[in-house]
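Written out below as structure tokens is the structure these notes cover.
The values are calculated or read from the model by the stated rules, or taken from the named source; none is laboratory data. What you are looking at is a predicted structure, and each value in this text was computed from that prediction instead of being measured. Cβ atoms come from the backbone with ideal geometry, glycine included; neighbour counts cover every protein chain shown. Accessible surface areas use protein heavy atoms only, side chains included; no ligands, DNA or RNA. Shrake-Rupley method; radii C 1.70, N 1.55, O 1.52, S 1.80 Å.
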Amino acid sequence: MPEGDTIFRAAATLHRVLAGKQVTRFESVYPAITRIADDHPIVGRTIESVSARGKHLLIAFSGDLILRTHMRMNGSWHIYPAGARWQRPAGEMRVLVGTRDAVAVGFNVPIAELLTARALARHAHLQALGPDLLADAASHRGRPVGTFDRAEVMRRLRERGRDAIADALLNQRVVAGIGNVFKSEILFLSRIDPFAPVSSLSDAALDRLVDVARAQLKANVMSRAETLNPAVGRRTTRSLHPREKLWVYGRGGKPCRRCGAAIQSKKTGLDARLTYWCAACQSPDSSP
């Protein structure tokens, strides 16, 4: 699943290429979108901005229309020079926004809709989102992306006191932007047992956890700023070795890079997602 850094970076890249350009081509396989586009044509409008809100990507057009997309597990945005060959089959295209110079293609994007600014502000999914970890991140190309509300994150975490901290971090209503890879990596770096109830962790431990989460997402946004590919370059270690990018994620059974103990893995939560951790470095006794 694309994580917050991936969506933020995709939005920044699309904004850099598309903002200020006139739409010359617009297509979608979704009838609800095509009906609105037929009544209120997108072609001829100017792309005002592309931004991220949690894991939602928003393309704003002149004339008060906004395209909201969500990638879920398999969706992705690609951008190509006009006329270039796509890297994915045309049958996977779900929505397309083209200008004279470039074309942005949403492949296998399962959620897409056109909204007015007023409807977007009232959107239930967006209203329910927790604070975005990348809000007020060093604004990309000088574009600020909001203000991070640390107190609100702490409040929402405390409301999930019975939840395992690993599950709470994945809950986008608590904090927006963390996916499965960063969940495991952030908890390892914070030396927190993934299965510890939120209520068992001190305010200081949660505060440090938030710091680690923000630092990791920001670092990965900046280091991977020139690509839309979520598989390229995600790194939480300081190693430059291509096989040593992550501390624990995807390394079940292999030795911990810090202490040598075997990395553990277990499916958790409603979606049965794998959590990876080091039982020695993240033992319940070692959790802050």
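Sort K183, K254, K218 from largest to smallest accessible area, using a 1.4 Å probe on the heavy atoms of the protein chains.
K254, K218, K183
On a straight-distance basis, which lysines could pair with K183 in a cross-link, Cα separation under 29 angstrom, same-chain partners fewer than 8 positions away excluded?
Within the straight-line cut-off, K183 pairs with K55, K218, K245, K254, K266, K267.
Any idea which of T116, F182, C256 is furthest toward the positive side of the dipole for the chain, if Lys and Arg beta-carbons carry +1 and Asp and Glu beta-carbons -1?
Positive-most Cα among the choices belongs to C256.
Take A32, project a point 7 Å from its Cα along the Cβ direction, then tell me which residues of segment 96-123 have their backbone nitrogen under 17 Å from it.
Of the residues in segment 96-123, 96, 108-123 have backbone N under 17 Å from the label point off A32.
Label M73 and A117 with points 7 Å out from Cα along Cα→Cβ: what is the distance between them in nm?
It works out to 3.8 nm between the two label points.
Beta carbons within 10 angstrom, averaged per residue: use that to sort the peptides 197-209, 56-68, highest first.
Ranked by mean Cβ neighbours within 10 Å, highest first: 56-68, 197-209.
Output the peptides 105-118, 256-269, 163-176 sorted from most to least packed, where packing is the average of other Cβ atoms within 10 Å over each peptide's residues. Please report the intermediate quantities before stating the final value.
On the way: 105-118: 17.6, 256-269: 15.1, 163-176: 22.0.
Averaged packing, sorted descending, gives the order 163-176, 105-118, 256-269.
Subtracting the Cα-Cα distance from 0.36 nm times the residue separation, let me have the gained length for E159 to A279 in nm, one decimal.
Difference between extended and current length: 40.5 nm.
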